[in-house]
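Here, each number is a calculation from the coordinates, and none is a lab measurement. A quick note: this is a predicted structure, and the numbers were derived from the prediction, not measured. Here Cβ is always computed from backbone atoms with ideal geometry, including for glycine, and neighbour counts include all displayed protein chains.
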Amino acid sequence: MLARIASTLALGLSLAVLAGCAGKQEAAARRQGEAVPVTAQVVQAVQWNDTLQALGTAKARESISVTAKVSEIVERVHFESGQQVAAGAPLVTLRGQAQEAALVQAQATFREADQLYKRQRELAAQRLVSSATLDTQKSIRDAAEARVAQMQSDIGDRRLRAPFAGVLGIRQISPGTLLTPTTVIATLDDVERMHVDFQVPEVELASLTTGDKVQATSVAWPGRTFEGEVSTIDARIDPATRAVTVRADFANGDHALRPGMLLDVRLFHPDRPALVVPEIAVVQVGRDSFMY
């Protein structure tokens, strides 16, 4: 009885295997007869430009820390923090009563010496005074004139003015402050146009040219792209990094870019003809790439 049951089960399994194989053969036959959908594209040459990506630091076109040449007490401050100033605008006036008094004295001495020189010159023309005496008086007159110019310069050093138009930073002094040549009064930056310096590998040096298009983005302005162009390529390559510093210029009329800002820079090379295929057609296998 057991033998009959076993033979019946074996026969059933054999029939099931045969039926499964037949089903697979029929499915394969059906697939062989069907068309496989594919997408075809003709590879053609189009205009293409390569890009380089780097990190750059924004710098003002002109930038200084305003300081004084002399040590003196601040008498007046003519600006506020963050103020936009024109070239030559007064910034700080230092006390200078002693210098002004010395200037008045020097001017009086010069007038007296000049008058005496003119009288002696008339006498010398009449041969009543020797040429040596006239020359001595001329030297005295010239020395007095130089003293006047010196005092005027000293007074000018106590009136600080903006050397160029720009935006002032935070004011660091107040009236009554003892100012020294090392004291920073404020920063002054010309931010109408900005420089962005970034480094490019030495291998790309031959492909760099002034006028190349540059785009920059900043985390401070999400979604905004700043347009610029390469203005300068450094004359030296850094021997430590084997990279060359490239400077790009950006218009900054709304002052969105600030000195010291970190920017993500993309440098675009000039257009060139190239064969372009869809990215999905390229398959990477190990270190090899295949295109289908």
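Structure data summary
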{"item": "Extent along principal axes [Cα atoms of the range 102-157; Å; largest to smallest]", "result": "45, 15, 11"}
{"item": "Length gained when the stretch Arg111-Thr39 is fully extended (0.36 nm per residue, less Cα-Cα span)", "result": "16.1 nm"}
{"item": "Nearest-ten-degree value, helix 97-125 long axis tilted from longest Cα axis of the chain", "result": "50"}
{"item": "Cα-only Debye scattering, the chain: base-10 log of I(q)/I(0) at q = 0.11, 0.16 Å⁻¹", "result": "-0.92, -1.24"}
{"item": "GNM top mover of Arg171, Arg236, Arg258 - the chain, alpha-carbon springs below 10 Å", "result": "Arg236"}
{"item": "The chain: most fluctuating residue of Val74, Val184, Val46 per GNM, C-alpha cutoff 10 Å", "result": "Val46"}
{"item": "Potential lengthening between Arg287 and Glu202 on full extension [0.36 nm per residue; Cα-Cα distance subtracted]", "result": "28.1 nm"}
{"item": "Glu80-Ala235 pseudo-label distance in nm [points 7 Å out on the Cα-to-Cβ vector]", "result": "4.5"}
{"item": "With Cα atoms, 0 to 90° folded angle of helix 131-156 axis to the chain main axis", "result": "40"}
{"item": "³J(HN,Hα) computed for each position of the range 213-225 - Karplus, 6.51 cos²θ - 1.76 cosθ + 1.60, integer Hz, glycine/proline x", "result": "6, 9, 10, 9, 10, 9, 5, 6, 10, x, x, 9, 10"}
